[in-house]
1. Can you find a residue in region B:84-96 that is crowded, with 23+ Cβ neighbours inside 10 Å and within 24 Å of residue A:148 (Cα to Cα)?
2. Hey, can you tell me all the residues within region B:54-63 that are crowded, with 18+ Cβ neighbours inside 10 Å and either within 13 Å of DNA strand C (Cβ to nearest atom) or more than 16 Å from residue B:128 (Cβ to Cβ) (or both)?
3. Show me the helices (runs of 4 or more DSSP H) entirely contained within region A:59-170 in which 2 or more residues are under 29 Å from residue B:105 (Cα atoms) and more than 14 Å from every other protein chain (Cβ to nearest Cβ).
4. Being surrounded by 14 or more Cβ atoms within 10 Å (Cβ to Cβ), over 25 Å from residue B:73 (Cα atoms) and within 14 Å of DNA strand D (Cβ to nearest atom) is the filter here; which residues of region B:20-53 pass it?
5. Out of region B:109-128, which residues are modelled with pLDDT under 95 and closer than 15 Å to residue B:55 by Cα?
6. Which residue out of A:133, A:75 is more than 17 Å from residue A:55 (Cβ to Cβ), over 13 Å from the mean Cα position of the chain (by Cα) and touching a residue at least 12 places away in the same chain (Cβ under 8 Å)?
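The values are calculated or read from the model by the stated rules, or taken from the named source; none is laboratory data. Keep in mind that what you see is a predicted model, and the values were worked out from it rather than measured. Every residue, glycine among them, receives a Cβ derived from its backbone with ideal geometry; neighbour counts consider all protein chains shown.
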DNA sequence: ATGATTAATGTTATAACGTAACATAAATAA
DNA sequence: TTATTTATGTTACGTTATAACATTAATCAT
Ligand SMILES: [Zn+2]
Ligand SMILES: [Zn+2]
Ligand SMILES: [Zn+2]
Ligand SMILES: [Zn+2]
């Protein structure tokens, strides 16, 4: 029996393996950011790039003030406003998402295609990743049609244990 | 043809009509709170009751500091801690939910039966209500099984326009 | 190029949300 | 009553986010 084909090949949403080569993730993200900004006629300035790099330091969502600390490790004097402004910019262009349940930010691996993000958040390794939200969105739409509610934005953040951490805890 | 039966008769989740008799909602909620606390062997003290009343002042989620202001309208000196402690208590007993996307709290109309809450939030009238989350939960489970992710808590908050506000804006 | 205009960043202060730690008081149990 | 637990009071602080205005850098028009 052949392996079952993936349902959504355009979204390779595997939870990041604890020992993967993360430098490639970061490199990819920065390259994508360049492309996206170019396409949007937006400027990826130094501070914006540095914030994006801080966000991509891992797959764990990071708080604005932790980003700030990272930017100021060299003794710099960057203020919170600068970070929040950069984050706003990055979110506008779909390069970063905000996780409401954590007051934290995470890089978007699918920045080229616009989408509403649905997250899985592992309470053990703290990693978060976007899930394929099509089925959920469909279920939401169906449920809402009975209410007459017109959705504009879906905030979906599932907390739990990723496969790697679940295995370990077994 | 007879009217189609409701799928989830135990959860009458209509979005609150702008001109409904809200005093009944409040009265119901307080009565339920009494019952629940009795059943749990917990004490619905005065401050807890007052916080619950503040939460039920409307169907719009309310911030902790707005609750605090409400409690201190008489010139009282209640401190933030007291409010947060009362909210923690009320959440433990399923009488109140927290909306992560708003940093705000809302009374639970279904406090008697334990459940994970999925919310619809109207950006116009600011009301929020729990939706029937069974279909969404099913979709989430199905999607997650492909990831091997083990869910423990679902944060689902759909922002948009309720039927009443949508009609008006038409 | 020069000046006008817009975009981005710097700077200071403060708002908004939430918790730690320890003291006191009230309720319950022994 | 005395001990124990539960709840509240109090002070202080930590964390997250934004308002308002000044300055600098990039872009555009002449
Ligand atoms: Zn990676
Ligand atoms: Zn994990
Ligand atoms: Zn009501
Ligand atoms: Zn509405």
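1. Within region B:84-96, the subset crowded, with 23+ Cβ neighbours inside 10 Å is B:86, B:90, B:95-96.
Subsequent filtering for residues that are within 24 Å of residue A:148 (Cα to Cα) retains none.
Looking for residues that are crowded, with 23+ Cβ neighbours inside 10 Å and within 24 Å of residue A:148 (Cα to Cα), one finds none in region B:84-96, hence no.
2. B:55, B:61, B:62
3. Qualifying helices (runs of 4 or more DSSP H): A:64-71, A:80-92.
4. Keep residues of region B:20-53 that are surrounded by 14 or more Cβ atoms within 10 Å (Cβ to Cβ), which gives B:22, B:25-26, B:28-30, B:32-33, B:36-37, B:42, B:44, B:47-53.
Going one step further and asking which of them are over 25 Å from residue B:73 (Cα atoms), we end up with B:32, B:36-37, B:42.
Matches in region B:20-53: B:36, B:37, B:42.
5. Answer for region B:109-128, where residues must be modelled with pLDDT under 95 and closer than 15 Å to residue B:55 by Cα: B:109, B:110, B:111.
6. Answer to the selection: A:133.
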